[in-house]
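J.: So that we are looking at the same thing, I have put the structure below in C-alpha cells.
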Amino acid sequence: VLLDFSFALLLHPIRGMAATGNRRALSLYKAVLRAHQRYLPHEMRQLGDAYVKSEFRLHRTAKPEQAVDFFREWSTYLEHVEQTGRKNQATDAGLLDSADSIANQFGRDVDDDTRASFSEEQLAQLQKLREEAEKAGKS
C-alpha cells in the first residue's frame, strides 16, 4: 500500500505517460522493484531502486514517443534482471553449471551504436551511474 501511494505521488500528474497509461507505468515500476528485491544483492538493490525511482520521476512528463522508448527499455531491463536472477538461483541450487558465470552477471556493456545515439546528458548520466556502481561494488 505504501508503494502504491508513494508511486502515485511520484508520477502525479503524468502528462506524456498518460498516452501509454498510468497503470502500465505503475505495473512496470512495481515489477522492477520486485525483481530488484528478489534477485539483486543488497548493494545493487539500493543503487537500482534509487535509479528506478529517479528515472520514473524524470519521465513523468515525457512526450508519448519518449514514453514508448522508456517502457521498451525498462521492460527489456526487467526481463534481463529476471532471467539473470533465475539463472543465478538455478546455479546456486546446482541445477546449472557454474562455468558460465559471466553470462549470469547483472548488467551489460552499452554497444558503440547505442552509445553514439546518446545525448550529452545521457552520456553524463551513464558516467554517473558507472561511478555509483563502482562505489557500491567496493563497499
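The values are calculated or read from the model by the stated rules, or taken from the named source; none is laboratory data. Treat the numbers as computed from the prediction; the structure is a model and nothing was measured. Cβ placement follows ideal geometry from the backbone for every residue including glycine, while neighbour counts extend to all protein chains displayed. Areas reflect the complete protein model, heavy atoms only, side chains present, ligands, DNA and RNA absent. Shrake-Rupley method; radii C 1.70, N 1.55, O 1.52, S 1.80 Å.
J.: Failed condition for Gln83, given (1) under 20 Å from Leu129 (Cα atoms); (2) at pLDDT below 95, with all others met?
T.: (1)
J.: Here's a follow-up. Mind checking which residues of the stretch 49-69 are within 22 Å of Arg108 (Cα to Cα), open to solvent by less than 60 Å² (accessible area, probe 1.4 Å) and either touching a residue at least 24 places away in the same chain (Cβ under 8 Å) or more than 11 Å from the chain's Cα centre (by Cα) (or both)?
T.: Once the filter is applied, which keeps residues that are within 22 Å of Arg108 (Cα to Cα), open to solvent by less than 60 Å² (accessible area, probe 1.4 Å) and either touching a residue at least 24 places away in the same chain (Cβ under 8 Å) or more than 11 Å from the chain's Cα centre (by Cα) (or both), the stretch 49-69 yields only Phe56.
J.: Return the residue satisfying two criteria in turn: it lies in the stretch 70-82 and is surrounded by 13 or more Cβ atoms within 10 Å (Cβ to Cβ) and not aliphatic (A, V, I, L, M), and of such residues it is farthest from Ser27 (Cα to Cα).
T.: Restricting attention to the stretch 70-82, the residues satisfying the condition of being surrounded by 13 or more Cβ atoms within 10 Å (Cβ to Cβ) are 70-71, 74-75, 77-78, 80-82.
Right, trim to not aliphatic (A, V, I, L, M) and you get 70-71, 74-75, 77, 80, 82.
Values: Phe70: 14, Phe71: 11, Trp74: 11, Ser75: 11, Tyr77: 14, His80: 17, Glu82: 15 Å.
Out of the qualifying residues, it is His80.
J.: Would you say Leu28 is open to solvent by less than 20 Å² (accessible area, probe 1.4 Å), in a helix (DSSP H, G or I) and either touching a Pro at 6+ places or on another chain (Cβ under 8 Å) or at pLDDT below 90 (or both)? Give the steps one after another, and end with the answer.
T.: Values: open to solvent by less than 20 Å² (accessible area, probe 1.4 Å): yes; in a helix (DSSP H, G or I): yes; either touching a Pro at 6+ places or on another chain (Cβ under 8 Å) or at pLDDT below 90 (or both): no.
Considered against the rule, which asks whether it is open to solvent by less than 20 Å² (accessible area, probe 1.4 Å), in a helix (DSSP H, G or I) and either touching a Pro at 6+ places or on another chain (Cβ under 8 Å) or at pLDDT below 90 (or both), Leu28 comes out as no.
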